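Reading through the structure tokens given below for one structure.
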Amino acid sequence: MKLIITYLFGTLLTAIIVAMTGIGLVTAVLSYLASGIVKDQSPHEAFYRGIDLFVDLRYAERYAPEELTSPAFAASIGNRLQPFGGFLVVRQGERWESYGALSEGEAFLKQLRQDVSTAGPHAGDVFVVSAWEERDLLSVGYDFPEIDDPLTYYLVADMTDAGSKTNRFELFLLLGIAILIGIILVPLLWITTRDIVRPLRQLEQGSRRIAEGDLNFRLESKVRNEVGSVIRSYEKMRSELQRSIDAQLALEENRKELISNISHDLKTPLTSIKGYVEGIREGIANDPEKLKKYIDVIYTKTLDMDRMIDDLFLLSKLDLEQERFHLETVPLESFYRQTMSELQMEYESAGVRLTSEYEAGQGDVVTMDVQKMRRVMLNIVGNSVKFMDKKEPHIHVYFGRQSEDWVFTVTDNGPGMGPNELERIFDRFYRADANRNQNVAGSGLGLAIVKQIIANHGGTIHARSELGQFMTVMISIPMKRDSNEARRA
């Protein structure tokens, strides 16, 4: 509809412009040419003199035809043509006479007779231009058929100046065409180029770059039409495609890093197991006590590998959303006491001072998967114990409530870590020791699993630390959730 309306409007506007320009051009040309005939008269005076002249001829023809053959009448008509630089030639039968103040002699009459004969048999129906003494004389024939002896008046005017101006008509015409093209085509070309051609060229260049695999550019269009809308949609597609490719590359990089880390963390215990087995086969463990020691080490390394594989399998199921969550409503205080009791039994015997604080309401309940949230607590506290470097290790667990969220934190007086390391502690296989010291046992998956479990409960997790002083892990989980929100395999 827009194109149809634009086409109709453009057609109408073009027709109006062409008509106005044509009228103006013709008027200008005629005025230009007429100025060479009217001489020093004003156009108004020349117009009325010409009208009066023809009216008098018409009147004489109808009411006083005898005057038409009178030399005095012919002389008066010739004199009235003087402002036009002209005179009158009367032809009656074979007789040709010239009248007026500027009348010419027999030589011109002979030239006019020849030009009229060349023009045709009806002299009164033609305009004859005669070249005479470096002048161009225009003769307009006027017949009087009512007269018995055929009579013709030739009104002669000097159009030498008009003739010279006529030679410039082609220049006027070319100038008019140029103006017309400038008025119509230039705006149309500008509008078409700005709103259609240039945006489409930009779109074509963008398509070529995408086909070549280059997505590092932007398509921008300020045009508020269909073409601009297509370009903006295309830019959105390019942006989404680039984001998808970047995400795919990141996943591929993570996959490579995961394989590398798994290979590294499995190869070390396998190498150890292989060494002890070879020692047994070669008889190095030649007494029961040493043999038992070798077997205990093999068993411990096997358990470490088994835990690592279990953690990896759980993390993969969490990533694929195939791990089932059994959400239930649990009294928060009861969960707190059971979890702290289990932690104290496991770690206080190892010399770790474990303190806790409960500031949530006594009747508060939380929707959670109890086993997985208990694993979260064990993983965080176990991670603090694992990297503890103080002679008097201390871990503090806090349970509280903020608005509709359950909040708990675990703070230790361990080595802490710098800001750069702090950003990566929830990445899989990441351990703060730069050399991946195997004296610190673990898979490097514990906090990654914690992050996934918290996310599946609709919560958030982050950490803050001061190098050499402390580490705090803070978790916030909504108090109530619909059990239907649980992710199921």
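Observations, loosely collected:
- Surface share of carbon and sulfur [accessible, 1.4 angstrom probe, percent] for region 337-419: 46
- Exposure of Trp190 as accessible area (Å², to 10), given a probe of 1.4 Å and all protein chains: 150
- Rounded to 5, the percent of DSSP beta bridges in region 300-439 classed as antiparallel: 65
- Surface composition of region 225-331: carbon and sulfur atoms hold 57% of the protein heavy-atom accessible area at a 1.4 Å probe.
- Relative to the Cα centre, the charge distribution of region 206-320, modelled as +1 at Lys and Arg Cβ and -1 at Asp and Glu Cβ, gives a dipole magnitude of about 520 debye.
- GluC sites (Glu not before Pro) lying in DSSP loop within region 285-329, provided at most 14 other Cβ fall within 10 Å: Glu321
- Each Lys or Arg adds one and each Asp or Glu subtracts one; over the other residues with Cβ under 13 Å from the Cβ of Ala64, this totals -3.
- Residue pairs, from the table Lys293/Lys317; Lys274/Lys391; Lys317/Lys451; Lys256/Lys317; Lys293/Lys386, whose Cα atoms sit over 25 Å apart: Lys293/Lys317; Lys274/Lys391
- Under the shape rule built on the C-alpha gyration tensor, where the axes satisfy a ≥ b ≥ c, region 306-403 is oblate, since a/c reaches at least 1.5 while a/b does not exceed b/c.
- Computed with a 1.4 Å probe over protein heavy atoms only, the accessible surface of region 293-410 comes to 54 Å² per residue.
- In the context of the full protein assembly, Ile273 retains an accessible surface of approximately 30 Å², using a probe radius of 1.4 Å and ignoring ligands and nucleic acids.
- In terms of overall dimensions, the C-alpha atoms belonging to region 199-295 reach 90, 20, 12 Å along their principal axes, ordered largest to smallest.
- Shape category assigned to region 39-110 from the gyration tensor of Cα positions, a/c cut at 1.5: oblate
The values are calculated or read from the model by the stated rules, or taken from the named source; none is laboratory data. As the structure is a computational prediction, the values presented were derived from the model and not from experiment. Neighbour counts run over all protein chains shown; Cβ positions are idealised from the backbone, glycine included. Accessible surface is based on the protein model in full, side chains and every heavy atom, while ligands, DNA and RNA are left aside. Shrake-Rupley method; radii C 1.70, N 1.55, O 1.52, S 1.80 Å.
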